[in-house]
1. Please go through region 287-301 and give me each residue that is within 24 Å of residue 349 (Cβ to Cβ) and surrounded by fewer than 21 Cβ atoms within 10 Å (Cβ to Cβ), ordered by number.
2. How many residues are in contact with a helix residue (DSSP H, G or I) (Cβ under 6 Å, 6 or more places away or on another chain) and part of a helix (DSSP H, G or I) if we restrict to region 353-367?
3. Quick one: count up the residues across region 462-482 that are farther than 18 Å from residue 356 by Cα and touching a helix residue (DSSP H, G or I) at 6+ places or on another chain (Cβ under 6 Å).
4. Would you check if residue 473 is within 18 Å of residue 313 (Cβ to Cβ) and not assigned by TED's automatic domain parsing to the domain that holds residue 234?
5. Can you spot a residue in region 250-264 that is within 20 Å of residue 166 (Cβ to Cβ), surrounded by fewer than 19 Cβ atoms within 10 Å (Cβ to Cβ), free of Cβ contacts under 8 Å to residues at least 12 places away in the same chain and not assigned by TED's automatic domain parsing to the domain that holds residue 85?
6. Would you kindly identify the helices (runs of 4 or more DSSP H) lying entirely within region 235-349 that contain at least 2 residues that are within 16 Å of the chain's Cα centre (by Cα)?
7. For region 376-483, please list each of the helices (runs of 4 or more DSSP H) lying entirely inside it that holds at least 3 residues being more than 18 Å from residue 333 (Cα to Cα) and without any contact (Cβ under 8 Å) to a residue 40 or more places away in the chain.
8. Name the single residue, out of those in region 185-201 being in contact (Cβ under 8 Å) with a residue 12 or more places away in the chain and part of a helix (DSSP H, G or I), that is nearest to residue 252 (Cα to Cα).
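The values are calculated or read from the model by the stated rules, or taken from the named source; none is laboratory data. The shown structure was predicted, so the numbers you read here are calculated from the model rather than taken from an experiment. Neighbour counts are summed over all protein chains in view; Cβ atoms, including those assigned to glycine, are modelled from backbone coordinates with ideal geometry.
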């Protein structure tokens, strides 16, 4: 993109925020502040910017992070200018309105946004300075010896690690000069990002969107749970994960900050080296998915492995609705789907279980599940959401084979052995003994009666028999091999 040319010193610069709502380690903001120009700090609500409109849970988070970021800017005597519409047209209008002589931005990793950014300087007629801030390396820049994108995680991660040096993270700017005349801003309340009545987001209060919330989440994780992370991350009944994914997606904290602080904790002896390495591997998977999407932009809609394009998916509206509502009759699946609806989040292990159930037990197209997650997850991310769904479906890069079909009952017994997770989200079964909790249909009638469980009443019988569903899915897989 074009560099800054000879511009009047008094000419303001626009800092265009997209998903980088942080003051620390924000390269575009730091570079703009260093010019000593008056700064116009802009957010544009453009539904087409990333290639697809964001979902309802993401709108909830956006509302809260914009409020938090605007309040943080207030400490500098600044404000966030809000506009909506086509990004290029809004920028053109703002440049004409203010005489701005430059635009600073941090790139987004999605292909549609990157393509637009590449044309931005020509469209605007002013220099544009762009910085990488969402990922560890520019998507598409980590290639194998043949100059092609990696399709397997382990060699990708090895190559990524070999080229990365821990950076000196940028501190918050000391000064953010405001323009003499502030551009008009739309009112955030008028965007109505928070859900109307009935307000389904009451359970979202466990989150603290914004940079301060992101740092607090990282500190809390490094102060304790990180040491059990290699195994604890698989236990939905325990607080064993970082829950940083929405903060990373919205750019309230950078992936570099996570790695630098985690390695510093290991160096001090506050965190085990092996646990920090596992955390870095998971950050690496996030990176891998973004590089995959850059190389294969059709990933959200088409099977990465083309043979799965012919997979005989079933049309099952009732099964899909039961899955969405957490009424499948499989407690581990239902607990996960209810956690998702109530909190905008689902534990990673449970995400794999519910995805396997939809794809393989019900044989419903993975794109239906991906669309539901896109609408209901506060950390909905185009690269990670689509790549992970394809991973479970067996159609993705470095995917789990399709014949690996999770048994939802045994998954519950293994990863929620005391039933804490299921009892929290499926209270209809709370009084069942552990022995029967994850497969209540196997419990004797007397046990069910004593626990107050009545199938067909508060809790359903399984909507599909897992053993038969597994056989059906494997038969469908064999049909692909005969094509």
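1. Within region 287-301, none qualify.
2. Result for region 353-367: 10.
3. Looking only at that region, the number is 1.
4. yes
5. Yes - at least one qualifying residue is present in region 250-264.
6. By residue number, 245-249, 255-268, 273-295, 331-343.
7. Ranges flagged: 445-451, 466-481.
8. 188
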